[in-house]
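Colleague: Have a look at this one.
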């Protein structure tokens with residue numbers, strides 16, 4: 001390089017070659033593309049998700065490290081990282097369904113997913129039937145000749161219904177349907193759906209997997225290599241790729257996931273239990289409480305019950321708004337899974353796209369408050385909630 005003029009040398013920077021050691025942390029490969037010496041190798045790389053790195057929209061070393069890490073936690077054969085959780089939902093639904101197809105989803109769904117399903121129906125002619133998340137007989141009855149897949153959530157947002165993954169997936173497998181489940185609320189620390197028969201597991205890595213409210217991302221994990229490659233080819237055309245810096249942040253957060261989940265669950269237990277006994281609270285929706293309809297199923301499926309719950313105040317919407325404007329430690333903000341405790345009203349935020357009738361079908365009232373419990377000291381959180389309720 002010393003033979004070139006300064007203008008050329010400023011463009012062609014030296015590349016470090018590490019020999020005899022390796023970095024402890026995964027490096028950020030902040031590059032849009034990769035250089036080849038052999039045209040044939042480059043051409044072959046364009047068609048393989050696991051071959052040499054070629055272009056950032058296909059994958060990237062930092063991104064692949066994240067894909068391999070989460071695939072390993074879930075017990076998958078491959079994974080595709082995306083720019084958001086909804087990106088992961090879309091590469092799966094759009095990549096596997098075509099006009100005229102039918103699929104079955106559980107009744108209680110994240111609002112963004114429900115809105116996307118409505119788009120599929122109105123724009124692409126894909127039809128959907130809704131069934132309870134814990135009723136394999138209802139799933140069997142809803143199947144048609146054109147049915148292609150089943151879509152569930154391990155723990156539903158925001159009322160925390162728990163899906164009967166073994167029962168529902170057994171029916172899907174018997175009938176030749178693809179089983180898809182959003183495992184965001186549970187994480188691989190509480191549930192690994194592939195062990196129960198899932199074909200595809202979706203995460204919003206924005207939430208618990210990254211864990212620090214500083215990144216947006218998604219992930220689809222595949223039990224079967226052929227299905228993984230089929231969706232990958234669609235995903236690179238759709239362009240929902242993850243950014244390497246976002247992937248690096250998620251990798252950094254992932255290392256503390258087991259410790260954080262223990263604290264999230266423990267804090268949620270204390271708050272949910274005390275709120276259930278508070279005279280201002282009409283109902284608490286957390287599967288770790290015996291009053292929750294999923295209590296028995298959750299006890300069989302999960303080692304703990306997650307860090308999110310919802311509750312209804314006896315005073316309805318006005319009481320809910322008063323509570324949210326009165327907290328001092330908890331933050332009024334969207335999303336979940338970070339170290340901070342966040343609260344919101346699903347009817348006006350995460351599920352705002354649903355009609356009043358759809359909200360009622362999900363059990364969400366205008367005064368329902370969702371709590372995404374952080375890792376603060378539980379007694380400090382309770383003191384904050386108690387003063388706000390007063």
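The values are calculated or read from the model by the stated rules, or taken from the named source; none is laboratory data. This is a predicted model, so every value here is computed, not measured. Cβ sites come from the backbone with ideal geometry, for glycine too, and all protein chains shown count toward neighbours.
Colleague: Looking at (1) within 17 Å of residue 204 (Cα to Cα); (2) in contact (Cβ under 8 Å) with a residue 24 or more places away in the chain; (3) not in a loop (DSSP other than H, G, I, E, B), can you tell me which one residue 64 breaks?
Modeller: The single condition residue 64 does not satisfy is (2).
Residues are listed down the side, and each one gets a yes or a no for (1) loosely packed, with under 10 Cβ neighbours inside 10 Å; (2) not assigned by TED's automatic domain parsing to the domain that holds residue 71:
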site	(1), (2)
20	yes, yes
26	no, yes
30	no, yes
45	no, no
49	no, no
53	no, no
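Colleague: Going by the structure shown, is residue 250 touching a helix residue (DSSP H, G or I) at 6+ places or on another chain (Cβ under 7 Å) and within 22 Å of residue 157 (Cβ to Cβ)?
Modeller: Against the criterion (touching a helix residue (DSSP H, G or I) at 6+ places or on another chain (Cβ under 7 Å) and within 22 Å of residue 157 (Cβ to Cβ)), residue 250 qualifies.
Colleague: From the list 108, 121, pick out the single residue that is modelled with pLDDT under 95 and farther than 23 Å from residue 301 by Cβ.
Modeller: 121
Colleague: What is the one condition in (1) closer than 24 Å to residue 116 by Cα; (2) modelled with pLDDT of 95 or more; (3) surrounded by fewer than 18 Cβ atoms within 10 Å (Cβ to Cβ) that residue 386 does not satisfy?
Modeller: Here residue 386 clears every test but (1).
Colleague: On to the next question. Would you point out the residue of the stretch 98-116, among those that are surrounded by fewer than 20 Cβ atoms within 10 Å (Cβ to Cβ) and touching a strand residue (DSSP E or B) at 6+ places or on another chain (Cβ under 6 Å), that is nearest to residue 175 (Cα to Cα)?
Modeller: Among residues in the stretch 98-116 that are surrounded by fewer than 20 Cβ atoms within 10 Å (Cβ to Cβ) and touching a strand residue (DSSP E or B) at 6+ places or on another chain (Cβ under 6 Å), the one nearest to residue 175 (Cα to Cα) is 102.
Colleague: Return the residue satisfying two criteria in turn: it lies in the stretch 238-259 and is exposed (fewer than 13 other Cβ atoms within 10 Å of the Cβ) and touching a residue at least 40 places away in the same chain (Cβ under 8 Å), and of such residues it is farthest from residue 29 (Cα to Cα).
Modeller: 258
Colleague: How many residues are crowded, with 16+ Cβ neighbours inside 10 Å and touching a helix residue (DSSP H, G or I) at 6+ places or on another chain (Cβ under 6 Å) if we restrict to the stretch 207-237?
Modeller: 15
Colleague: What number goes with the only condition from (1) over 21 Å from residue 269 (Cα atoms); (2) in contact (Cβ under 8 Å) with a residue 40 or more places away in the chain; (3) surrounded by 15 or more Cβ atoms within 10 Å (Cβ to Cβ) that residue 352 does not pass?
Modeller: Here residue 352 clears every test but (3).
Colleague: Within the stretch 105-198, which strands (runs of 3 or more DSSP E) (wholly inside it) include 1 or more residues that are within 13 Å of the chain's Cα centre (by Cα)?
Modeller: Where strands (runs of 3 or more DSSP E) fall fully within the stretch 105-198 and carry at least 1 residues being within 13 Å of the chain's Cα centre (by Cα), they are 147-153, 178-182.
Colleague: Next question. Within the stretch 331-340, is even one residue surrounded by 14 or more Cβ atoms within 10 Å (Cβ to Cβ), within 19 Å of the chain's Cα centre (by Cα) and more than 30 Å from residue 117 (Cβ to Cβ)?
Modeller: Yes, some residue in the stretch 331-340 is surrounded by 14 or more Cβ atoms within 10 Å (Cβ to Cβ), within 19 Å of the chain's Cα centre (by Cα) and more than 30 Å from residue 117 (Cβ to Cβ).
Colleague: In addition: Sort out which residues of the stretch 270-286 are in a loop (DSSP other than H, G, I, E, B) and touching a strand residue (DSSP E or B) at 6+ places or on another chain (Cβ under 7 Å), and write them in order of number.
Modeller: Hits for the stretch 270-286 are 280, 286.
Colleague: Moving on to the next point. Taking the stretch 68-84 as the search range and keeping residues that are within 16 Å of residue 199 (Cα to Cα) and within 15 Å of the chain's Cα centre (by Cα), which one is surrounded by the fewest Cβ atoms within 10 Å (Cβ to Cβ)?
Modeller: Only one residue fits best here, namely 73.
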